Amino acid sequence: MDAAPSDSLAAWAATAEAVGATTKRLEKGAILARYLAELDAEVVALAARFFGGTVFARHDARTTRVGPALFAAALVAVSGADPSTLGERWVAHGDAGDLAAELLAGRPDAGLGMHEVAERLAALGVHSSTADRRADLEGLLARLGPREARYLVRLLLGELRIGLKEAQVEEALAAAFARPLAAVRRAYLLRGDLGEVAQLARAGTLDSATLALFHPLGFMLAQPLASAAEIVERLTAPFVLEDKYDGIRAQAHVSGGRVVLFSRTLDDITAGYPEVSAALARVGEGLVLDGELLATDPRAPERALPFKSLQQRLGRKSPDEALLAAVPVTFVAFDVLAASGKLVIDEPWTDRHARLEALAWPARGARMAPHGLAASVGEIEAAFESARATGNEGLVAKAPTSAYAPGRRGGAWFKLKRPLATLDVVVTAVERGHGRRRAVLSDYTFAVRAAEDDPSLLVVGKAYSGLTDVEIAELTQRFEAITIERRPGWHRVRPEVVLEVTFDAVQRSTRHSSGYALRFPRIVRVRDDKPVAEIDTVARVRELAGE
């Protein structure tokens with residue numbers, strides 16, 4: 001690693017390069033911990049935040065407002081590259097940071113301090129004029145060496161690509177300052193800012209962290225099971241049964257009349273659901289609620305509509321009155337993570353549910369999920385049929401004593417879905433269709449994760465049926481924007497688009513890298529509510545194959 005001053009952008013970039021150069025998790029952590037341990041309080045906050053992949057804290061509404069188009073224009077101006085070939089060179093690299101490093105090759109490191117870099121990045125988002133923002137970005141790029149440019153550009157565009165997750169930054173902070181990892185993780189859960197947690201770890205004051213509302217907490221996940229008998233084997237009777245809804249998971253933060261809704265991908269989706277915000281505003285104080293956003297029948301608000309109806313609302317930041325009337329949405333709450341500004345995730349489900357029952361639920365727009373108790377296979381199967389009859393996907397079974405484990409799939413929540421088997425997969429390549437679909441990208445190759453602790457993607461199939469022409473046209477635009485390699489009629493794409501697919505059977509195959517193939521796969525829906533980190537694994541495919 002170059003001997004740049006530890007508080008410089010050059011040292012941060014050199015550390016990023018060293019972390020990305022090894023595939024060994026422990027080695028990545030050791031490199032990062034050594035670097036963080038050298039930093040003062042101000043710089044360690046910036047470095048930790050940047051290594052977490054964000055310029056600002058999660059709960060900070062600021063953005064740099066730099067996208068691919070603005071970056072490309074600034075890079076052309078600074079490097080003198082031919083704009084007509086820039087797109088082709090970008091695709092060849094598959095990465096904006098590598099493109100910037102190539103075009104700025106031979107330049108020395110800027111010598112910029114991390115504090116100055118942070119100020120410059122914050123200033124980018126303040127400008128109301130695109131021209132002013134581009135001028136500032138050009139000024140910053142013009143001062144960077146190739147390595148600094150590679151990693152700063154990746155940070156600006158949202159992906160460092162060094163094989164580092166937030167959990168590993170937490171581990172490095174614990175190692176750097178000899179603090180308990182559990183204390184670091186708890187503080188991050190409470191504050192939602194790796195920078196602030198880094199400062200607390202450095203100062204030895206992690207136990208002073210209190211809950212900061214309006215930043216997303218991780219969602220607890222349910223483990224899929226194939227039968228009611230497996231639920232009875234796993235849980236001590238009696239256990240809780242709730243319907244599994246056919247909507248999108250959401251987390252609601254409520255305090256002082258303010259409501260913020262976060263999706264499962266931790267994005268702020270509040271603006272798209274004004275009726276939900278209005279309904280939740282007076283439910284309680286200092287709340288974090290877990291639930292589901294459902295499209296409901298305008299004539300019978302208690303009845304949920306199929307997911308296809310909700311899709312009309314997805315991605316709409318300013319739905320008009322006609323759409324709000326045609327497809328009203330309700331937030332159905334089934335858990336509480338914080339109450340009166342205090343985290344309550346360590347309480348058993350029974351106590352947390354009592355808190356839900358005590359809230360002031362409105363007549364429309366938000367309600368509490370009903371639940372029942374069961375102890376036998378027969379009771380589960382009857383509840384499952386009832387859930388399916390009312391248009392829901394299936395059941396979730398929960399241990400009444402279970403705590404809430406953000407971001408984890410533990411052994412306390414289990415889901416039983418529709419009899420039709422499905423997998424959540426991510427698209428890795430797309431192809432032009434045939435006949436009337438020859439102008440769109442309609443054939444999708446998809447993959448699953450190698451394992452729960454191995455994010456490598458292994459191909460398991462290819463599908464081209466199940467979506468409407470409108471959905472395919474919209475996806476074509478998305479895939480064009482995230483193409484990283486292109487051959488005639490074929491695109492390799494960044495693995496970002498998650499699909500739910502069904503199929504007739506799973507069989508062994510030497511054709512796909514997973515070792516399995518899906519027989520007659522069909523696309524059920526696009527899962528924009530699910531991050532790639534939560535798609536299914538080869539173990540789930542093997543289970544569905546009956547092995």
Inset, instruction - Report, by residue number, each residue of the range 42-91 that is touching a helix residue (DSSP H, G or I) at 6+ places or on another chain (Cβ under 6 Å) and polar (S, T, N, Q). - result: THR64, SER79
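Taking ALA383, is it without any contact (Cβ under 8 Å) to a residue 60 or more places away in the chain and among the small types (Gly, Ala, Ser)? Don't jump to the end; show me each part of the working.
Values: without any contact (Cβ under 8 Å) to a residue 60 or more places away in the chain: no; among the small types (Gly, Ala, Ser): yes.
Spelling it out, it is not the case that ALA383 is without any contact (Cβ under 8 Å) to a residue 60 or more places away in the chain and among the small types (Gly, Ala, Ser).
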Inset, instruction - Would you mind finding the one in VAL460, VAL448, VAL427 that is closer than 18 Å to VAL506 by Cα, touching a Phe, Trp or Tyr at 6+ places or on another chain (Cβ under 6 Å) and assigned by TED's automatic domain parsing to the domain that holds GLY515? - result: VAL460
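Looking for something over 15 Å from ARG150 (Cα atoms), among the acidic types (Asp, Glu) and at pLDDT 90 or above - is there at least one such residue anywhere in the range 94-108? Please lay out each step first, then the result.
Initial filter on the range 94-108 (over 15 Å from ARG150 (Cα atoms)): none.
No: zero hits.
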Legend entry - Output for the range 457-485, where each listed residue is within 28 Å of ALA545 (Cβ to Cβ) and in contact with an Asp or Glu (Cβ under 7 Å, 6 or more places away or on another chain): LYS462, TYR464
Legend entry - Total residues in the range 116-139, condition surrounded by 14 or more Cβ atoms within 10 Å (Cβ to Cβ) and under 19 Å from ARG62 (Cα atoms): 14
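Here are some residues: GLU496, GLU534, GLU485, GLU480. Which one is in contact with a strand residue (DSSP E or B) (Cβ under 9 Å, 6 or more places away or on another chain), modelled with pLDDT under 90, closer than 27 Å to GLY163 by Cα and surrounded by fewer than 19 Cβ atoms within 10 Å (Cβ to Cβ)? Walk me through it before giving the result.
Numbers: GLU496 fails: modelled with pLDDT under 90; GLU534 fails: modelled with pLDDT under 90; GLU480 fails: modelled with pLDDT under 90.
Of the residues listed, the single one that is in contact with a strand residue (DSSP E or B) (Cβ under 9 Å, 6 or more places away or on another chain), modelled with pLDDT under 90, closer than 27 Å to GLY163 by Cα and surrounded by fewer than 19 Cβ atoms within 10 Å (Cβ to Cβ) is GLU485.
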Legend entry - Segments classed as strands (runs of 3 or more DSSP E), wholly inside the range 255-319, with at least 1 members that are at pLDDT 95 or above, surrounded by 15 or more Cβ atoms within 10 Å (Cβ to Cβ) and of a type in the set (A, V, I, L, M, F, W, C): 258-263, 287-297
Inset, instruction - Pairs only if they're at least six apart or on different chains, beta carbon under 7 angstrom, first in the range 353-379 and part of a strand (DSSP E or B), second surrounded by fewer than 19 Cβ atoms within 10 Å (Cβ to Cβ) and modelled with pLDDT of 95 or more; list them, first residue then second. - result: ARG367/TRP361; MET368/GLU357; MET368/TRP361; LEU373/PRO238; ALA374/PRO238
Legend entry - Residues satisfying the stated conditions in the range 163-216, i.e. under 17 Å from LEU36 (Cα atoms) and charged (D, E, K, R): LYS165, GLU166, GLU170, GLU171, ARG179, ARG185, ASP193, GLU196, ARG202
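The values are calculated or read from the model by the stated rules, or taken from the named source; none is laboratory data. Please read all numbers here as calculations on a predicted model, not as lab measurements. Note: ideal-geometry Cβ built from the backbone for every residue, glycine included; neighbour counts use all protein chains shown.
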